[in-house]
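Notes for the one structure printed next.
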Amino acid sequence: MSDDTLRMLRDSAADFATLDGARVRRLRGTDPGFERDRWREMGDMGWLGVLIPEAHGGLGLDLGAAVTIAEQLGRALYPEPYSASAVLATLALLHGDNAALKQTLLPRLASGEIVAGLAWQGERGGLDPDQCSVKLRESNGAQQLEGSSRFVSPAAADGYIVAARAAQGLELHWIARSAPGLACEPEARADGSASALLRFEAVGVSADTRVASPAAASAALRLALDHATLSTSAELFGLMDCTLEMTLDYLRTRVQFGKPIGSFQALQHRAVDMYMQKEMTRATLGAAVSSVLDPACTGEQRAVAASSAKARASQAALAICKEALQMHGAIGYTDEYDLGLYFNRALVLSASLGNASAHRSRYASLAALP
Amino acid sequence: MNYGVPQEQDWDTLSDAAFRAVVRAEVEAHHPAELRYPPRRLRWAENKSWYLRMAAKGWIAPGWPREYGGMGLSASKLLIFLEEMERWGIARFQDHGILMVGPILMRFGTEAQRRRYLPPILACEEIWCQGYSEPNAGSDLANLRTEAKLDGDAFIINGQKTWTTLAHDSTHMIVLARTDKEAKKQSGISFLMLDLKTPGVTVRPIRDLAGHDEFCEVFFDNVRTPATNLVGKLNQGWTVAKSQLGFERIHIGSPKLPEYGLQVLLSVARARGVEHDALFRDRLAQLQLDVAHLGDIYAHFAAIVGRGEALGPEVSLLKIWATETFQRIADLIIETAGEFGGLTGKVQMADGRIEVLAPFYKARPTSIYGGSNEIQRNILARQVLNLPG
Ligand SMILES: Cc1cc2nc3c(=O)[nH]c(=O)nc-3n(C[C@H](O)[C@H](O)[C@H](O)COP(=O)(O)OP(=O)(O)OC[C@H]3O[C@@H](n4cnc5c(N)ncnc54)[C@H](O)[C@@H]3O)c2cc1C
């Protein structure tokens, strides 16, 4: 992918996606928590299909394009589930081995006609895709899903790609939201969005719903998770960059004791620390994306890269948001002021797909000791 | 004059253990279970049943001297009293009347003011809020613009206060207002008492980022408060307000909130099955020590107050340590919670329901209010370490 393509994509995303605090506030706590029209517009811009081959109605670009868009959406605090649907669920489908499902679903995902979620974590959470707690059972010759999955985002997807343990290994299945036996319990998140606790009771599946067979499922799921982890890190980067900018503006303009508070060295040094965290995140994220884009990158190297970036991004975003709040004083603690929107989104994104601590321990278990 | 309900006995004649048993028995028998460990500040309508009961028993003002209707507890007994409230997860109410207004009136008020205002504070009939901060007067409080002009037998107040905690639950406010515009910043300020039902007062709740309405903006449009509601001398309000800052710091510096944080941390760790994990144990022990040592230094400062001595600027360290310990605990809660750390409200974790983010939301502003931690560090650097300004 050329630098020009990337630049165009970034500029168009930056132009289109600007912070609309009123919209973000209005959508909190609503079902589905985002706008279908906006989602389709995102499809029209090509964003939802960046990772989808042209043959399936996408742009056929790569992770570099996806993180570029994610960063801009992070700046604008888009509640639309870009990383969850256009990266995570889309890649799981794309790297599965069901050509017919790809044929029907990928174009609809690319256009924004549908929104998909990926259900892979058990009720206790955790990063290991093999620990999923949904099981595939045979009952009188029919195949059924049993069990539950949590932290599924977005809660109100049109369908979910569900990781299930079968006798031969992991499988992925496409389950429509309306499938009989599927119950969806939304759980409110700090930013006003919702993830779902999905319960499966004798939900019928077949070869037609099977997105990935045991031969492909585990690899597809891991690849999708690592990519979505990086795109979430990019959202966090966009968010922390804006938070820092907002804070620097405030330090320059808020006057106490007859001076801008930014003239106090106690705050200056900490603003510099925030800036350093942000720049470290930018560098790490860039390096992680490059190493994943390298054709020689192994699955394990990809996981190390994703964990290193997400550990940094989650930690830096929370640190920057906490400092931003402190430096704003009481006004930062109000809902009327946009900082709170960034703060609450940072809580959600830093926790989702593994928080800093979870990624540090995955990093430690994968990266070889020197 | 009898200010409140007479005490059943002289508590200081009891041993510490006997006194603790009395308090514990009372609390365990009568405190409503559903009010234990609330995840946010309760509104008066929610917790008034308990506090009216405490008022009727004469236990609403444990730190006040008996002559003014308090329990007259010594520093060590007061600590025990507060520990027992904490142990049972009993939340504060809008207690500025008890914590600030009472002590201020005892020290600076007139006999008539004490007779008028102390009894309804003790009966919880009048609830007070603190009207100090303004949009342009936060850390730089002396920059306040709200004006009060003497007009016959009343002051006429114009201006605005903000971030006033629970003004919408309060009947009265203490107001710092500028009464001399010519004088230098601190010296033209007076300390006034105001009935919030007075015409011209508008209270507007402000929603915070945790989604609660805990603080308010309060506007004054030609609001008249009787001249007899001036506390201390005209233009001496700064001295009156400052006299309580040490006590406010002691109050925010109590181990209460960090202890609540530790409890949530332990529930989250158990639900996540990491309570025996070696790394977690080490970090938990660090925080437990931070809280235990906070208790030690809190007792040291409380004893100074108990002896009736003035608190020095060192008390700022208590405020910093308490609030930042609470914040570190809240951070570890989120970290330990994993994906649960993004969920708001009561969250089902293992077999319990835990409000995972509540300590985090509570902890963040503690380093902003009561004099920000930056201001506390400035005080320590200049007034305790004597570093050049
Ligand atoms: C939850 C909550 C409840 C509150 N309740 C009340 C109440 O009931 N009544 C009331 O009167 N007020 C109340 N306040 C207001 C509180 O007292 C102020 O927020 C506080 O004094 C800080 O003022 P500010 O918010 O204007 O921040 P600012 O003073 O504008 O400070 C912004 C940042 O600059 C820093 N800063 C300022 N000066 C310096 C300096 N010289 N050196 C280094 N850093 C500096 C501050 O520490 C802060 O980080 C409440 C605030 C909160 C958050």
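Assorted remarks:
- Backbone geometry of region A:148-158 corresponds, through the Karplus equation with coefficients 6.51, -1.76 and 1.60 at θ = phi - 60°, to 3J(HN,Hα) couplings of 9, 9, 10, 6, 7, 10, x, 4, 9, 7, 6 Hz, x marking Gly and Pro.
- Averaged over the residues of peptide A:185-192, the number of Cβ atoms from other protein chains lying within 10 Å of each residue's Cβ is 5.
- GNM remark for chain B: springs join alpha carbons under 10 Å apart, and the peak mean-square fluctuation among B:GLU259, B:GLU86, B:GLU335 falls on B:GLU335.
- Accessible area per residue in Å² at 1.4 Å probe, computed on chain B: 42 Å²
- Dimensions (Å) - chain B, Cα atoms, principal axes, largest first: 70, 47, 44
- Rounded tilt (10° steps) of B:278-306 against the dominant C-alpha axis of chain B: 30 degrees
- Stokes-Einstein diffusion coefficient of region A:1-99, Kirkwood radius over Cα pairs, 25 °C, 0.890 mPa s, in µm²/s: 175 µm²/s
- At least 40 Å² of accessible area lost relative to the chain alone, listed for region B:321-351 with a 1.4 Å probe: B:GLU335, B:GLU339, B:PHE340, B:GLY342, B:LEU343, B:THR344
- Exercise: per-residue mean of other protein chain Cβ atoms within 10 Å, A:351-360: 4
- Degrees separating the helix B:75-87 axis from the principal Cα axis of chain B, which is the longest one: 60 degrees
- Sum of -39500 (n - 2.57) over DSSP H runs of 4+, divided by residues of chain A (222 nm, nearest 500): -16500 deg cm²/dmol
- In terms of accessible area, using a 1.4 Å probe and ignoring ligands and nucleic acids, A:TYR160, A:TYR363 rank largest first as A:TYR363, A:TYR160.
- Between helix A:265-293 and chain A: long-axis angle, C-alpha atoms, 0 to 90°, nearest 10: 30 degrees
- Each principal axis of the Cα atoms in region A:295-367 has its own extent, and those three values, largest first, are 49, 21, 16 angstrom.
- Cβ-defined net charge surrounding B:GLU182, 14 Å radius [Lys, Arg +1; Asp, Glu -1]: +3
- Shown here for region A:153-245: GluC sites (Glu not before Pro) in loop regions (DSSP other than H, G, I, E, B) with at most 12 other Cβ atoms within 10 Å, of which there are none.
- Partners of B:LYS185 within straight-line reach, counting aspartates and glutamates whose Cα lies under 19 Å from its Cα and excluding those fewer than 8 residues away in the same chain: B:GLU134, B:ASP140, B:GLU147.
- Surface analysis of chain A yields an accessible area of 39 Å² per residue, using protein heavy atoms and a 1.4 Å probe.
- Listed residue pairs exceeding 27 Å between alpha carbons, taken from A:LYS322/B:LYS161; B:LYS161/B:LYS346; A:LYS259/B:LYS319: B:LYS161/B:LYS346
- Secondary structure note: in chain A, about 85% of the DSSP beta bridges are antiparallel.
- Each Lys or Arg adds one and each Asp or Glu subtracts one; over the other residues with Cβ under 14 Å from the Cβ of B:ASN222, this totals -1.
- Interface area, A with B, accessible, probe 1.4 Å, both sides summed, Å² nearest 100: 3400 Å²
- Convex hull volume per residue, computed on the Cα atoms of region B:10-69, equals 110 Å³.
- Solvent-accessible area, 1.4 Å probe, carbon plus sulfur percent, for the protein assembly as shown: 52 percent
- Whole-angstrom gap from region B:1-72 to region B:88-124, using each part's C-alpha centre: 14 Å
- The helix-only estimate of mean residue ellipticity at 222 nm for chain B, built from DSSP H runs of length n ≥ 4 each weighted as -39500 (n - 2.57), is -13000 deg cm²/dmol after division by the residue total.
- Amide H contacts under 5 Å for B:ILE90: B:TYR37, restricted to partners 5 or more places along the chain or on a different chain, H placed in the peptide plane at 1.01 Å from N.
- For chain A: relative contact order, % (alpha-carbon pairs under 8 angstrom, 6 or more apart): 16 percent
- Expressed as a fraction of 2.2 N^0.38 Å, the value expected for a compact globular protein of N residues, the C-alpha radius of gyration of the protein assembly as shown is 1.07.
- Highest mobility in the GNM of chain A, judged by mean-square fluctuation with C-alpha springs under 10 Å and restricted to A:SER178, A:SER357, A:SER233, is found for A:SER178.
- Across chain A, Cα-Cα pairs farther apart than 25 Å form 53% of the total.
- Taking every C-alpha pair closer than 8 Å and separated by at least 6 residues, the mean separation divided by the residue count of chain B gives a relative contact order of 13 percent.
- Accessible surface ranking that places the most exposed of A:SER352, B:SER139, A:SER231 first, with a 1.4 angstrom probe: B:SER139, A:SER352, A:SER231
The values are calculated or read from the model by the stated rules, or taken from the named source; none is laboratory data. Owing to the predicted nature of the structure, the values given are computational and were not obtained by experimental measurement. Cβ sites come from the backbone with ideal geometry, for glycine too, and all protein chains shown count toward neighbours. Only protein heavy atoms, including side chains, enter the accessible area calculation; ligands, DNA and RNA are left aside. Shrake-Rupley method; radii C 1.70, N 1.55, O 1.52, S 1.80 Å.
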